[in-house]
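J.: One structure follows; several queries about it will come next.
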Amino acid sequence: MGTSEWHIERRSSFETESPLAREAGNVHETGSLSIVVLGASGDLAKKKTFPALFHLYRQGFLPPDEVHIFGYARTKISDDELRSRLRGYLVPAKGASPQHQEDVEKFLQLIKYVSGSYDSEDGFRLLDKEISKHEYLKNSVEGLSRRLFYLALPPSVYPSVCKMIKTYCMNKSDLGGWTRVVVEKPFGRDLDSAEELSTEIGKLFEEPQIYRIDHYLGKELVQNLLVLRFANRFFLPLWNRDNIDNVQIVFREDFGTEGRGGYFDQYGIIRDIIQNHLLQVLCLVAMEKPVSLRPEHIRDEKVKVLESVLPIRDDEVVLGQYQGYKDDPTVPDESNTPTFATVILRIHNERWEGVPFILKAGKALNSRKAEIRVQFKDVPGDIFKCKRQGRNEFVIRLQPSEAIYMKLTVKQPGLEMSTVQSELDLSYGQRYQGVTIPEAYERLILDTIRGDQQHFVRRDELKASWKIFTPLLHRIDEGELKPSPYKPGSRGPAEADELLEKAGYVQTHGYIWIPPTL
């Protein structure tokens, strides 16, 4: 049965066909596909990796006649026990239709569990034996099969796990198959540790085999950035220092560490959010138009942006720690770890000279959202005297309530010539009713299977990003910079708003964007 015939048959067995599935193209290749989730009993695997695989399966991207999924971890459990643990994460909280339930059970039967330690020859020999058995049963020609290893593990075990994979579980790529490894953040703690980790893994795998995942690059609105910037004529002449006053990239959570204090305290908000997620978004906002959409052309332009960032100044950093953070028994009483940070980055190139890029992230704040806010300069010769109402802004809301809207000044309806701020709004929930937006992990795992590295971090890109933040992180680690306390449920330290004002950001008073209702 050909690929297109398979899709026709598959559609009838599922409730709806995802728009993503219609873009499948030539995702299916010759040979079986084995997906190995290492750290299968951990939270990341249960909450993100396996659900993403299930959604890909439901949309027809993981055909059961080609794919088998293996869980590997130290926990000694049976296949059925792993399936039982995963089942609750695959069924929606509101309950599932009979068809969904049936799909869950079929998907779970594709999963086999192998127990072993992460530096165990016996464990990885057994894993290779089970994968080979699956490949044989699928009538896959030796060496033509595909093996994808997803490391849902702490970075400390990456080197030993990668060594075991390289020694015992590789496919014969010279015969046409492939072996790929997906590694999660945090990839190192600073420049030296990241380079050391890259060197160790680089000795074992070629760069095209390594997929450094940053799930923010899989978000729908982040992926829309290149289209918005380079497919719309009216943005091209405006997207520069002559028109844009400042750019904010914001991540806010309205809850604290919630039992993860001990883990979070090892990293802090800059390592956890800003150095990776927000910096990746900055690259897409600031980069020049790539020669093409080929992954390497896009990643080349991202690296150029990172290498143009000037050293961070201490007077353009505000750190905060919410009151009660150290009440967590897993957090040291003397912890200097910031739970909030506002950092201004300045890009030294022709397009962006003088434009502050404000990266802000924090926990236990007054709202939950992630957005990009591009604020334009004041209108010269303002005959309507509407400066007090605020500036034009282009806002991309990444989560929740995905939306793109432009804040602009219009005439207020009525007999008087008065102005008011309004918006041109593209709210996804209203415009794309009934369309399910794929989870970031779904998209990125599918890209890995396809061999598309566009939305993954290249080694030189990783190095450049750590180079920007390492001096600041070392000063924080050594206690030279200390976070200011702030109340949970607030906007963060007052100094952060003062820094924004100093950078030139003008806050709009009296205007609140409200997502349209259906």
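The values are calculated or read from the model by the stated rules, or taken from the named source; none is laboratory data. Source: prediction; values computed, not measured. No Cβ is skipped: glycine too gets one built from the backbone with ideal geometry, and neighbour counts run over all protein chains shown. Heavy atoms of the whole protein, side chains included, go into the accessibility calculation; ligands, DNA and RNA do not. Shrake-Rupley method; radii C 1.70, N 1.55, O 1.52, S 1.80 Å.
J.: Any residue that is within 30 Å of F469 (Cα to Cα) and out of contact with any strand residue (DSSP E or B) (no Cβ under 9 Å at 6 or more places or on another chain) - is there at least one of those in segment 391-413?
T.: No, segment 391-413 contains no residue that is within 30 Å of F469 (Cα to Cα) and out of contact with any strand residue (DSSP E or B) (no Cβ under 9 Å at 6 or more places or on another chain).
J.: What is the number of the single condition among (1) open to solvent by less than 50 Å² (accessible area, probe 1.4 Å); (2) under 18 Å from L500 (Cα atoms); (3) at pLDDT below 95 that D382 does not meet?
T.: Every listed condition holds for D382 apart from (2).
J.: I would also like to ask the following. Any chance segment 337-344 includes a residue that's open to solvent by less than 10 Å² (accessible area, probe 1.4 Å), modelled with pLDDT under 95 and not β-branched (V, I, T)?
T.: No - not one qualifying residue is present in segment 337-344.
J.: So L144 passes all but one of these: (1) modelled with pLDDT of 85 or more; (2) touching a helix residue (DSSP H, G or I) at 6+ places or on another chain (Cβ under 8 Å). Which condition number does it fail?
T.: The one condition L144 does not meet is (1).
J.: Moving on. Among K185, K133, which is within 30 Å of D65 (Cα to Cα) and out of contact with any strand residue (DSSP E or B) (no Cβ under 6 Å at 6 or more places or on another chain)? Please lay out each step first, then the result.
T.: Details: K185 fails: within 30 Å of D65 (Cα to Cα).
Of K185, K133, the one residue that is within 30 Å of D65 (Cα to Cα) and out of contact with any strand residue (DSSP E or B) (no Cβ under 6 Å at 6 or more places or on another chain) is K133.
J.: So which residues in segment 363-379 are open to solvent by less than 20 Å² (accessible area, probe 1.4 Å) and either within 14 Å of Y511 (Cα to Cα) or among the polar types (S, T, N, Q) (or both), if there are any at all?
T.: Here is the first cut: in segment 363-379, the ones open to solvent by less than 20 Å² (accessible area, probe 1.4 Å) are 363-365, 370-372, 374-375.
Selection gives Q375 alone.
J.: Something else now. In the set T167, T199, which member is surrounded by fewer than 21 Cβ atoms within 10 Å (Cβ to Cβ), farther than 24 Å from Y441 by Cβ, free of Cβ contacts under 8 Å to residues at least 40 places away in the same chain and among the β-branched types (V, I, T)?
T.: Just one listed residue meets the conditions, T199.
J.: Would you confirm whether or not segment 105-128 contains a residue that is out of contact with any strand residue (DSSP E or B) (no Cβ under 6 Å at 6 or more places or on another chain), farther than 30 Å from K172 by Cβ and open to solvent by 40 Å² or more (accessible area, probe 1.4 Å)?
T.: yes
J.: Additional query: Mind listing whichever residues of segment 231-241 are open to solvent by 50 Å² or more (accessible area, probe 1.4 Å) and either among the small types (G, A, S) or in contact (Cβ under 8 Å) with a residue 12 or more places away in the chain (or both)?
T.: Listed by number, the residues that qualify are A231, L238, R241.
J.: All but one of (1) in contact with a strand residue (DSSP E or B) (Cβ under 7 Å, 6 or more places away or on another chain); (2) touching a residue at least 60 places away in the same chain (Cβ under 8 Å); (3) in a helix (DSSP H, G or I) hold for A194, so report the exception by its number.
T.: Exception for A194: condition (1).
J.: Also: For K411, indicate whether it is of a type in the set (K, R), more than 22 Å from L279 (Cβ to Cβ) and open to solvent by 80 Å² or more (accessible area, probe 1.4 Å).
T.: Details: of a type in the set (K, R): yes; more than 22 Å from L279 (Cβ to Cβ): yes; open to solvent by 80 Å² or more (accessible area, probe 1.4 Å): yes.
When the stated conditions are applied, K411 passes them.
J.: Consider T436 carefully, then state whether it is β-branched (V, I, T) and touching a Phe, Trp or Tyr at 6+ places or on another chain (Cβ under 6 Å).
T.: No, not satisfied.
J.: Restricting the search to segment 313-336, which residues are assigned to a strand (DSSP E or B) and either surrounded by fewer than 23 Cβ atoms within 10 Å (Cβ to Cβ) or among the aliphatic types (A, V, I, L, M) (or both)?
T.: V317, V318, L319, listed by residue number.
J.: Would you pick out the residues in segment 202-216 that are open to solvent by less than 10 Å² (accessible area, probe 1.4 Å) and either out of contact with any Lys or Arg (no Cβ under 9 Å at 6 or more places or on another chain) or over 29 Å from P471 (Cα atoms) (or both)?
T.: F205, Y216
J.: A further question follows. Given (1) open to solvent by 20 Å² or more (accessible area, probe 1.4 Å); (2) not in a loop (DSSP other than H, G, I, E, B), where does R391 come up short, assuming only one miss?
T.: (2)
J.: Which residue out of R241, R212, R233 is within 30 Å of V291 (Cβ to Cβ) and touching a helix residue (DSSP H, G or I) at 6+ places or on another chain (Cβ under 8 Å)? Spell out how you get there, then give the answer.
T.: Working: R241 fails: touching a helix residue (DSSP H, G or I) at 6+ places or on another chain (Cβ under 8 Å); R233 fails: touching a helix residue (DSSP H, G or I) at 6+ places or on another chain (Cβ under 8 Å).
Step by step, each of R241, R212, R233 is checked, and only R212 is within 30 Å of V291 (Cβ to Cβ) and touching a helix residue (DSSP H, G or I) at 6+ places or on another chain (Cβ under 8 Å).
J.: Still on this structure: Taking only pairs six or more apart or across chains, which ones have beta-carbon atoms under 9 Å, a first residue in segment 38-49 that is without any contact (Cβ under 8 Å) to a residue 40 or more places away in the chain, and a second residue that is of a type in the set (A, V, I, L, M) and crowded, with 17+ Cβ neighbours inside 10 Å?
T.: D43/A152
J.: Which of the residues spanning segment 372-388 are outside any loop (DSSP other than H, G, I, E, B) and touching a helix residue (DSSP H, G or I) at 6+ places or on another chain (Cβ under 9 Å)? So that I can check it myself, show each step before the final result.
T.: Step one: list which residues in segment 372-388 are outside any loop (DSSP other than H, G, I, E, B), which gives 372-376, 387-388.
Answer for segment 372-388, where residues must be outside any loop (DSSP other than H, G, I, E, B) and touching a helix residue (DSSP H, G or I) at 6+ places or on another chain (Cβ under 9 Å): I372, V374.
J.: For segment 63-104, give me the residue count where each residue is at pLDDT below 85 and open to solvent by less than 50 Å² (accessible area, probe 1.4 Å). Break it down into steps so the answer makes sense when it comes.
T.: Of the residues in segment 63-104, the ones at pLDDT below 85 are 91-100.
Keeping just the survivors that are open to solvent by less than 50 Å² (accessible area, probe 1.4 Å) gives 91, 95-97, 100.
Total meeting the criteria: 5.
J.: Could you say which residue among E307, E353, E296 is of a type outside the set (V, I, T), open to solvent by 10 Å² or more (accessible area, probe 1.4 Å) and at pLDDT below 95? Give the steps one after another, and end with the answer.
T.: Values: E307 fails: at pLDDT below 95; E353 fails: at pLDDT below 95.
Exactly one residue qualifies, and that residue is E296.
J.: Continuing with this model, one more query. Of all residues being under 28 Å from the mean Cα position of the chain (by Cα) and of a type in the set (S, T, N, Q) in segment 146-179, which is nearest to D43 (Cα to Cα)? Just the residue, please.
T.: S156
Each row is one residue, and each column tells you yes or no for (1) closer than 28 Å to K219 by Cβ; (2) surrounded by fewer than 21 Cβ atoms within 10 Å (Cβ to Cβ); (3) among the hydroxyl-bearing types (S, T, Y).
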position: D452; (1), (2), (3): yes, yes, no
position: H455; (1), (2), (3): yes, no, no
position: F469; (1), (2), (3): yes, no, no
position: G479; (1), (2), (3): no, yes, no
position: S484; (1), (2), (3): no, yes, yes
position: E501; (1), (2), (3): no, yes, no
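J.: If you don't mind, there's one more thing I want to ask. Return yes when Y505 is under 28 Å from the mean Cα position of the chain (by Cα), more than 18 Å from D272 (Cβ to Cβ) and crowded, with 16+ Cβ neighbours inside 10 Å and no when it is not. Even if it seems obvious, please write down each step before you answer.
T.: Working: under 28 Å from the mean Cα position of the chain (by Cα): yes; more than 18 Å from D272 (Cβ to Cβ): yes; crowded, with 16+ Cβ neighbours inside 10 Å: yes.
Answer is yes for this residue.
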